[in-house]
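The values are calculated or read from the model by the stated rules, or taken from the named source; none is laboratory data. Small disclaimer: the values here were computed from a predicted structure and weren't measured. Don't worry about glycine lacking a Cβ; one is built from the backbone with ideal geometry, like all the others, and counts go over all protein chains shown.
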Amino acid sequence: MKESIERIFAELASLKAATQKDVEEARVRLLGKKGEITALMEQFRCIAPELKREYGQKLNELKKAATAKIEELKEAAEAAAEASEPKEDLSMPGDAFPLGSRHPVSIVRAQIVDIFRKFGYDVAEGPEIEDDYHVFEALNFPPNHPAREMQDTFFVSTGHLNPLLLRTHTSSVQVRTMESQSLPIRVVCPGRVFRNEAISARAHCIFHQVEGLYIDKDVTFADLKQAILLFAREMFGADTQIRMRPSYFPFTEPSAEVDVSCNICKGKGCNICKGTGWLEIMGCGMVDPNVLKASGIDPEKYSGFAFGMGVERIAMLKWQVNDLRHYFENDMRFLQEFATATEV
Ligand code: PHE
């Protein structure tokens with residue numbers, strides 16, 4: 001018995017239990033109903049009376065030491081288990097992340113571009129800071145044309161022959177396309193443009209355009225009219241009508257303004273179309289031979305048409321927004337109206 005007590009004391013000193021399960025196993029082995037210490041207690045009943053005092057004390061110490069050791073190991077195992085447990089409930093759903101929505105101008109620009117892409121047009125882009133040559137000169141603007149003057153154009157540098165400026169239309173990208181691409185050319189040029197205009201409900205100094213250019217052999221005004229009719233019907237609905245009014249642009253001849261039938265009153269006349277039944281959507285025309293020549297294209301062999309429209313204007317007509325400035329103020333209440341208008 002003495003040996004057993006000493007052995008168990010020694011064992012207790014080096015007893016280790018990493019997990020709660022190990023601790024419970026050690027407890028059962030030592031202090032359980034059939035445990036080693038419990039068995040010694042049984043034996044104690046049968047030993048000689050003169051030894052009872054000594055062994056009784058020893059056994060009690062052993063039992064106390066074993067109980068304390070098991071308790072100590074239990075606490076350590078519990079603390080370790082707690083530390084390795086995840087603090088949060090990982091099965092909980094995540095916090096909702098508020099998603100932004102596309103800007104209405106981006107939605108309409110993508111719609112316009114997509115319609116022309118379906119017709120086989122490529123997309124071309126160019127610099128917003130341009131030179132006078134690509135914005136005016138190559139587009140047949142006479143040297144003293146009023147659009148070159150300071151009140152219309154933001155100049156970045158002046159005082160030399162080809163000043164830098166903020167492009168006033170994306171026709172400059174059409175010039176760059178004619179310079180760099182082989183014929184036939186069929187492109188749309190979306191982009192931001194800048195004009196020195198007083199800001200009002202109908203005008204802004206920054207806005208967006210999509211311009212288009214088609215150059216090939218035997219392109220006629222009838223092709224232009226058809227392309228624009230198809231575009232208008234895709235954009236505003238299958239029953240949309242168009243009409244063309246003679247106009248003037250330095251880079252097209254003949255030139256026209258395009259109106260679409262008012263999709264709100266169906267042509268009867270309302271306050272959106274100011275009682276006329278028609279809404280102006282773009283300028284267009286047959287590319288002037290001087291423009292073709294400036295970019296090295298032979299006007300005897302090739303002809304083409306061009307058109308250009310303001311994206312904000314189309315968006316205003318499509319969604320009946322009566323003030324252009326809404327598109328630039330980024331008021332969340334306005335922008336959220338378009339959160340679901342993502343059909344492109
Ligand atoms: N560039 C013209 C503008 O900014 C639009 C246009 C393009 C007109 C092509 C005719 C042909 O107003």
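Among the residues of segment 208-242, the one identified as closer than 20 Å to LEU292 by Cα, within 16 Å of the ligand (Cβ to nearest atom) and of a type in the set (Gly, Ala, Ser) is GLY212. Checking each residue in segment 123-154 for being polar (S, T, N, Q) and without any contact (Cβ under 8 Å) to a residue 24 or more places away in the chain picks out only ASN144. Residues that are in contact with a Lys or Arg (Cβ under 7 Å, 6 or more places away or on another chain), within 11 Å of the ligand (Cβ to nearest atom) and without any contact (Cβ under 8 Å) to a residue 40 or more places away in the chain: does segment 293-300 have at least one? No, that holds for no residue.
Quick grid of which residues meet (1) over 26 Å from PHE207 (Cβ atoms); (2) at pLDDT 95 or above; (3) crowded, with 19+ Cβ neighbours inside 10 Å; (4) touching a Lys or Arg at 6+ places or on another chain (Cβ under 7 Å):
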position	(1), (2), (3), (4)
LEU279	no, no, yes, no
GLY283	no, yes, yes, no
ASP288	no, yes, yes, no
VAL291	no, yes, yes, no
PHE305	no, yes, yes, no
ALA315	no, no, yes, no
LYS318	no, no, no, no
VAL321	no, no, no, no
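Among residues of segment 250-268 that are of a type in the set (Val, Ile, Thr), those with a beta-carbon under 7 Å from a residue that is within 16 Å of the ligand (Cβ to nearest atom) and part of a loop (DSSP other than H, G, I, E, B) at least six positions away or on a different chain give the pairs THR252/ASP288.
Scanning segment 195-242 for residues that are assigned to a strand (DSSP E or B) and out of contact with any Cys (no Cβ under 6 Å at 6 or more places or on another chain) yields ILE206, PHE207, HIS208, GLN209, VAL210, GLY212, LEU213, TYR214, ILE215, ASP216, ILE242. Right, SER172: in contact with a Pro (Cβ under 7 Å, 6 or more places away or on another chain) and either modelled with pLDDT under 95 or not in a loop (DSSP other than H, G, I, E, B) (or both) or not? Judged against the criteria, SER172 is not a match. For segment 178-189, filtering for residues that are more than 13 Å from the ligand (Cβ to nearest atom) and under 30 Å from the mean Cα position of the chain (by Cα) leaves 1.
Against the conditions (1) in contact with a Lys or Arg (Cβ under 7 Å, 6 or more places away or on another chain); (2) away from the ligand (no atom under 16 Å from the Cβ); (3) farther than 19 Å from GLN174 by Cβ, GLY269 satisfies every one except (1).
Picking from residues in segment 133-148 that are surrounded by fewer than 21 Cβ atoms within 10 Å (Cβ to Cβ) and closer than 17 Å to VAL193 by Cα, the one that is nearest to the ligand (Cβ to nearest atom) is ALA147.
For segment 149-177, the candidate set comprises residues that are β-branched (Val, Ile, Thr) and either within 32 Å of the chain's Cα centre (by Cα) or surrounded by 20 or more Cβ atoms within 10 Å (Cβ to Cβ) (or both); within that set, the residue that is farthest from the ligand (Cβ to nearest atom) is VAL156.
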